[in-house]
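Visitor: Below you will find the structure I want to go over with you.
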Number of protein chains: 2
Amino acid sequence: MASREPDDLPSPSLAGGFAGLLARLMHNLPEDQIRALSGIARLRDIPRGTEVVTEGSPPDEIGYLIGGALGMQKCLPDGRTHIIGLLVPNDIYGRLFNGPAAYDIVALTEARVLAFPRAPFERILEASPEIERRFLVNVLDELDSAREWILLMGGHKIIERLASFLVILLRRTLRGSGPRPAEAPVRVRIPIRRTDLAHYLGTTPESISRALHELESQAILRLLNAYEIEIADLPGLVRISGADHLGPE
Amino acid sequence: MASREPDDLPSPSLAGGFAGLLARLMHNLPEDQIRALSGIARLRDIPRGTEVVTEGSPPDEIGYLIGGALGMQKCLPDGRTHIIGLLVPNDIYGRLFNGPAAYDIVALTEARVLAFPRAPFERILEASPEIERRFLVNVLDELDSAREWILLMGGHKIIERLASFLVILLRRTLRGSGPRPAEAPVRVRIPIRRTDLAHYLGTTPESISRALHELESQAILRLLNAYEIEIADLPGLVRISGADHLGPE
DNA sequence: CGGTAACATTGACGATGGTCAATGCGATGA
DNA sequence: TCATCGCATTGACCATCGTCAATGTTACCG
């Protein structure tokens, strides 16, 4: 049970104009500003493993992730790397006005981004406070996401952390895709390898594997293959993720 | 070895004018805007245990922490609480333009803050893009702090997490206080109780205690009392923490 | 079609740390 | 001064998880 490619590009067939995407990204913006932004946007496909942003160097672009997954990671002195943030479609990366990046950003899968060259983007922001405020709100949301991860990492048992991860992944995956599919079993794609996921959750691939199969044996989910799972009991997953831990299962 | 009061107010004897503080908070701002901000600022002393911001309700003020410690915490369905962020002097809290707070903010010790009523603060921000951009940069820094914590929580052994915590605490405590005292033993005050610290690091008070005394037995630090420690071997502490950065700032 | 590479899984074992219970210590108040 | 309260510490025990080694599975390449 192992497929070698976690890659997953939903291939949004957008032909030239990004106005729709941008409108969703920063809704309620005046028409002319949407047009100004889409004028400098460039669609880029990024092969897996590419370093999109390198720690210590000021990033030369702001990116809006459309497909695939990016990981923010930090290399420790002992050679190991730690993933400290996962970017899924609809996330933004890059820094503004704010010096060099503090972390590497690496494509964990093949990825597709809408890239804004940094300088023109900043000029547009300076010229239009509405966009800047929209961006500020986006950063505040990122901050909430980060705090959510801190909460996740506080879970003692890794099955709790894994459940939290899946809940968050589910929510973020569904985010931005129309109406919520009510209460049917939902399929989710884990966009990264076990090793990366393990680093992300502060554990090991072996423990990830065991926890996943433990969840399967509890009928919380089904493992279709190494990267596709089907959530069969979402309330149960949520319960494990943080609420209930009185009895020993 | 236990003193009941972790409280600690450095008592900045500022008499009426906050211009100096504000100038440091948002340096490079024009004089008139500093004055506009200090016009609406209010100094508040907050007793320990007070809920400064309550989850779910839009905060009615933006705060700049001067003394003491605030904790951002989340109450889980099972009644436990998790600390997901620690605010030390020079930190900012509060949300702008952005809906209700996602977490409680509680005074872990007696604390002193410079409070800006939300509405006038937002008006000043809307009227002056410089301040707004400054605030954006501050939020981006907060985001970096949060990611730093995620990295910290990824450490497998709690002695690593504790060492990371102490390194970060040291840096944040020193931040904003003049030049660095070169290589002498540094005294640091842990501003919170063992239980809170344990929740923060995703562990238990017992393990915190053991890790602290383990560090002492390695001559990395000395425990003066439950809340005051003296860092005797900073490089050693950094080495154990796994990271290699003790940035300036 | 094999063969190999890359990754996931599984099992065994030992270390780390969570849990429970008991004890120590400092502050506060009668 | 003593009693008590809140918290920190310490010790014993055992569940959990990290580590190492072996095996299973899939994709890719000759």
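The values are calculated or read from the model by the stated rules, or taken from the named source; none is laboratory data. Just so it is clear, the model here is predicted, and its values are computed rather than measured. Cβ placement follows ideal geometry from the backbone for every residue including glycine, while neighbour counts extend to all protein chains displayed. Heavy atoms of the whole protein, side chains included, go into the accessibility calculation; ligands, DNA and RNA do not. Shrake-Rupley method; radii C 1.70, N 1.55, O 1.52, S 1.80 Å.
Visitor: Which cross-chain or sequence-distant (5 or more) residues have an amide H under 5 Å from the amide H of A:THR50, H modelled 1.01 Å from N in plane?
Guide: The answer is A:ALA107.
Visitor: Counting only residues 5 or more places away or on other chains, whose amide H sits under 5 Å from the amide H of B:GLY85 once H atoms are built in the peptide plane?
Guide: It is B:MET72, by chain and number.
Visitor: Tell me which residues come under 5 Å, amide H to amide H, from A:ILE62 once H is placed; ignore anything under 5 positions away on its chain.
Guide: Sorted by chain and number, the residues that satisfy this are A:PHE116, A:ARG118.
Visitor: Ranked from highest to lowest mean number of other Cβ atoms within 10 Å per residue, what is the order of the peptides A:168-174, A:206-212? Walk me through the intermediate numbers first.
Guide: Details: A:168-174: 16.1, A:206-212: 17.7.
Output ranking for A:168-174, A:206-212: A:206-212, A:168-174.
Visitor: At a probe radius of 1.4 Å, figure out the A/B buried accessible area, summed over both chains, and give it in Å² to the nearest 100.
Guide: On the way: alone 13200 and 12900 Å², together 22020 Å².
In total, chains A and B hide about 4100 Å² from solvent.
Visitor: Here's something else I'd like to know. Rounded, prolate or oblate, given the Cα gyration tensor of the range B:154-241, with a/c below 1.5 counting as rounded?
Guide: Numbers: a/c = 1.58, a/b = 1.44, b/c = 1.10.
Prolate, because a/c is 1.5 or more and a/b exceeds b/c.
Visitor: Using the Karplus equation 6.51 cos²θ - 1.76 cosθ + 1.60 (θ = phi - 60°), what ³J(HN,Hα) coupling, rounded to whole Hz, does each residue of the range B:129-137 give in order, writing x for Gly and Pro?
Guide: In residue order, the calculated couplings are x, 4, 5, 4, 5, 4, 5, 4, 4 Hz.
Visitor: Could I ask something else about it? Report ³J(HN,Hα) in whole Hz for each residue of the range A:200-213, in order, from the Karplus equation J = 6.51 cos²θ - 1.76 cosθ + 1.60 where θ = phi - 60°; Gly and Pro get x.
Guide: In residue order, the calculated couplings are 4, 8, x, 8, 10, x, 4, 5, 4, 4, 4, 5, 4, 6 Hz.
Visitor: Straight-line reach from B:LYS74: which lysines fall under 26 Å, measuring Cα to Cα and dropping same-chain residues less than 8 apart?
Guide: Straight-distance partners of B:LYS74: A:LYS157, B:LYS157.
Visitor: With every protein chain left in place, what is the accessible area per residue of the range A:154-243 in square angstrom, probe 1.4 Å?
Guide: Numbers: 4090 Å² over 90 residues.
Counting only protein heavy atoms, the per-residue value for the range A:154-243 is 45 Å².
Visitor: Ignore the peptide's own chain and count Cβ atoms of other chains within 10 Å of each Cβ in A:70-76; give me the average, rounded. List each step's numbers first, then the result.
Guide: Details: counts 0, 0, 3, 1, 7, 1, 7.
Counting Cβ atoms of other protein chains within 10 Å of each residue's Cβ and averaging gives 3.
Visitor: Let me ask something additional. Using 1/(1 + (r/R0)^6) with R0 = 60 angstrom and r between the beta carbons of B:LEU224 and A:ARG35, what's the FRET efficiency to the nearest 0.05? Spell out each step's value before the answer.
Guide: Values: r = 63 Å, r/R0 = 1.05.
Rounded to the nearest 0.05, the efficiency is 0.45.
Visitor: Could you check the simple spin-label distance between B:GLU214 and B:ASP144, using points 7 Å along Cα→Cβ, in nm with one decimal?
Guide: 3.1
Visitor: May I ask which residue of B:HIS199, B:SER145, B:LEU212 lies farthest towards the positive end of the charge dipole of the range B:121-236, with charges of +1 (Lys, Arg) and -1 (Asp, Glu) on Cβ and the Cα centre as origin?
Guide: B:LEU212
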